[in-house]
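Below is one structure, written out as structure tokens; the observations come after it.
The values are calculated or read from the model by the stated rules, or taken from the named source; none is laboratory data. A quick note: this is a predicted structure, and the numbers were derived from the prediction, not measured. Because the Cβ atoms are built from the backbone with ideal geometry, glycine has one as well, and the counts that use them run over all protein chains shown. With ligands, DNA and RNA removed, areas are computed over all heavy atoms of the protein, side chains included. Shrake-Rupley method; radii C 1.70, N 1.55, O 1.52, S 1.80 Å.
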Amino acid sequence: MYTQSMDTMGKDGDASPASAQPALRSAEDLQRQERFDARIDGGDFIEAKDWMPDDYRKTLLRQISQHAHSEIVGMLPEGNWVTRAPTLKRKAILLAKIQDEGGHGLYLYAAAETLGSSRDQLLDALHTGKAKYSSIFNYPTLTWADIGTIGWLVDGAAIMNQVPICRCSYAPYARAMIRVCREESFHQRQGYDSLLVMMQNGTAAQKAMVQDAVNRWWWPCLMMFGPHDADSTHSEQSMRWGIKRISNDDLRQKFVDATVQQAQVLGVTLPDPDLKWNEERQHFDFGTIAWDEFWRVVGGDGPCNSERLAMRVKAWDDGAWVRDAALAYAAKQHTEQQAA
Ligand code: BYC
């Protein structure tokens, strides 16, 4: 799988004695490592064909594939409302958004494949529960206001996290994120607009529905940014490699700071009695996140984990005939081209 680092043989098939190989290999690797480190330190981008350390490759594969899985699992809570959208306009917007998420998954799987893993391997890891996806998609969408709230808060948190990834040191990931972020902006705005209509023109029951949705989604959204920096396994190394540009806690703080005023304009209360402006820090203070809940959901025991996974596996199984047909068609084309 990590073939590039193995490519250390002499050009003419290697005539050197076996005992000399490890020393030769490590000297060459050392040089490659130094060149790689210098490029990272200089802010250079790494392309798929460039040499990279195994751990850099593994970290990227883990993060990009988790990200891809999050996009396609993220289609499910919203898909739940396609047939019940209140107007044709809202239905068309929701369908477009869900299709965008499928597209994001596609760009991200393609970026992950440049690191040497196949789509089948990546999806198998999702279907067998070995790979993670974002905790946020294990919560249910109980009312129509949840759809607007996902756009406003979940996509809002996603943009905050993903804009810095447009400068990720791995170029195929960075390039994919530029387009993803543009589309996420539209997602965030349509969600906010949908809530604004309900808060400004809606009935008391509709306004209460929006507040209830915000109450349920606020804390899980803060969890999306991952554990505190001090508890984050990968942050330090990922920051050094330029995979992550801003830490989990700093991104979370930026999200809180940006969202408070939006909540005021909307006319909803964020469900945190400890949320208040700190003049000294020039940031909003906020309450303690329920980390036990976060780890439970990440560990597979959230409100909808088994339902989400079962739906993905079913979609994969139901689509088998499409994959078979596409392969049969490609084989037929190939045979016809050979014969021509
Ligand atoms: N959920 O060392 P840490 C979207 C795991 S899609 C689950 O800080 P890292 C959207 C983490 O994987 C949103 N697991 O990790 C789609 C690690 O476990 P492993 C998805 C989480 O990677 C459709 C352990 O906890 N966005 O927005 O340095 C509709 C320790 O964490 C979570 C992305 O994927 C979590 N929330 O930082 C609408 C963005 N947090 O792997 C919207 C790209 C942490 O060692 N990913 N874990 O077993 C990232 O930026 C980073 O991977 C994270 C975590 C900030 C998420």
Descending Cα extents along the principal axes, segment 115-220, whole Å: 54, 31, 20
Bins of 5 Å, starting at 0 and running to the largest distance - Cα pair percent for segment 206-340: 2, 8, 11, 13, 12, 12, 10, 7, 6, 5, 5, 4, 2, 1, 0, 0
Separation between Cα centres of segment 189-205 and segment 236-253, rounded to whole Å: 34 Å
Cα-based helix-to-principal-axis angle, 320-339 vs the chain, degrees rounded to 10: 40 degrees
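How high is the FRET efficiency from residue 185 to residue 260, r the C-beta distance, R0 30 Å, rounded to 0.05? Write down the numbers at each step before the final one.
Values: r = 19 Å, r/R0 = 0.65.
Taking R0 as 30 Å, the efficiency between residue 185 and residue 260 is 0.95.
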Residue 307 accessible area, assembled protein chains, probe 1.4 Å, Å²: 100 Å²
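Could you state, as a whole-number percent, how many of the C-alpha pairs of segment 251-302 are farther apart than 15 Å? Don't skip to the end; give the middle numbers.
Details: 759 of 1326 pairs.
So the pairs more than 15 Å apart make up 57 percent of the total in segment 251-302.
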Cross-link pairs 130/314; 91/207; 58/244; 207/276; 49/314; 49/254 - those with Cα-Cα distance over 26 Å: 49/314; 49/254
Two-site FRET efficiency, residue 124 against residue 330, from Cβ-Cβ distance with R₀ of 22 Å, rounded to 0.05: 0.55
Vicinal HN-Hα couplings computed from phi for segment 86-91 (Karplus, 6.51 cos²θ - 1.76 cosθ + 1.60; Hz; Gly/Pro x): x, 9, 4, 4, 5, 5
Rounded Å value of the spacing that divides the Cα centres of segment 109-188 and segment 305-340: 24 Å
Where the Cα pairs of segment 213-293 fall when distances are cut into 10 Å bins, in %: 16, 47, 29, 8, 0
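According to the Cα gyration tensor, what semi-axes, each the square root of 5 times an eigenvalue, does the equivalent ellipsoid of segment 79-150 have, listed from largest to smallest in whole Å?
Numbers: eigenvalues 170, 46, 16 Å².
Calculated on Cα positions only, the semi-axes equal 29, 15, 9 Å.
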Descending principal axes extents, segment 193-253, alpha-carbon based, whole Å: 51, 20, 13
Acute angle (nearest 10 degrees) that the helix 248-266 long axis makes with the longest principal axis of the chain, alpha-carbon atoms: 30 degrees
Accessible surface, 1.4 Å probe, highest first, among residues 218, 277, 144: 277, 144, 218
Orientation-averaged projected area, Cα convex hull of segment 66-110 (nm²): 2.8 nm²
Translational diffusion of the chain, µm² s⁻¹ [Kirkwood Rh, Cα pairs; Stokes-Einstein; 10 °C; 1.306 mPa s]: 71 µm²/s
Per residue Cα convex hull volume in Å³ - calculated over segment 162-237: 98 Å³
